[in-house]
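Handing you a structure now.
The values are calculated or read from the model by the stated rules, or taken from the named source; none is laboratory data. Being a predicted model, the structure only gives us computed values, none of them experimental. Here Cβ is always computed from backbone atoms with ideal geometry, including for glycine, and neighbour counts include all displayed protein chains. The area values use the complete protein model at the heavy-atom level, side chains included, leaving out ligands, DNA and RNA. Shrake-Rupley method; radii C 1.70, N 1.55, O 1.52, S 1.80 Å.
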Amino acid sequence: MAGLPPGVWLGRGLAALGLTAGQTVTERQMELVFGEGRHPDADRMERKLLDDGADPETARLVTVLGQPIEEIEQRKQTPLLALDFVFRPQASLVVLWALGDARTRQVIEGAHERAVAATLRWLEDEVAETRWASGRRRAKAPALVVAAFRHYGNRNGFHLP
């Protein structure tokens, strides 16, 4: 949405993808990761492989994260590429943020960012699992890759300044 800050990458899994926390999430990276299940820098990687003489299918497969979507769909399964979590302060804090001065908004935003960071650490430490063998086996996921976005509106179309 126009006027909103860009998303940023978070999570312990960023280093494996050559990303750093706080780096801007581009629209193309969103398409690649969450739309195609591919590395966020797949275009550059694929171009380099093609320039080095790789065939197009091999170059594309090198950029796939996990199983190729086509293989999952051939098994009549639906690929799960992402989950969406919404973190929002309770209504009274939203009102205080909207009516408060710059310092008040800064304090509320800082507390919200710390709460999101603490929740992400908890998800990575205690909750996140990966599975294989048709879901019969599970293991602790070592890290997550997160695209975080700040929204100043709600589902009813109300937008804060």
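At 0.36 nm per residue, minus the direct Cα-Cα distance, what do PHE34 and LEU83 gain on full extension? Give it in nm, one decimal, please.
Contour length minus Cα-Cα distance gives 16.7 nm.
Another question about this same structure. From a point 7 Å beyond the Cα of ALA143 in the direction of its Cβ, which residues of segment 15-59 have a backbone N at a distance under 12 Å?
15-21
Helix-derived [θ] at 222 nm for the chain: sum -39500 (n - 2.57) over DSSP H runs of at least 4, divide by residue count, nearest 500?
Computed mean residue ellipticity for the chain: -10000 deg cm²/dmol.
Quote the Stokes-Einstein diffusion coefficient, in whole µm² s⁻¹, for segment 1-115, based on the Kirkwood radius over alpha carbon pairs, a temperature of 25 °C and a viscosity of 0.890 mPa s.
D = 142 µm²/s.
Label points 7 Å out from Cα along the Cβ direction at THR26 and ALA98: separation in nm?
3.6
Rounded to a whole number, what % of the accessible area of the chain do carbon and sulfur atoms account for, probe 1.4 Å?
So the carbon and sulfur contribution to the accessible surface is 55 percent.
Separate question: Rolling a 1.4 Å sphere over the protein heavy atoms, what is the accessible area per residue of the chain, to the nearest Å²?
Per-residue value: 71 Å².
Dividing the Cα radius of gyration by the Kirkwood radius, what Rg/Rh value follows for segment 73-128?
1.23
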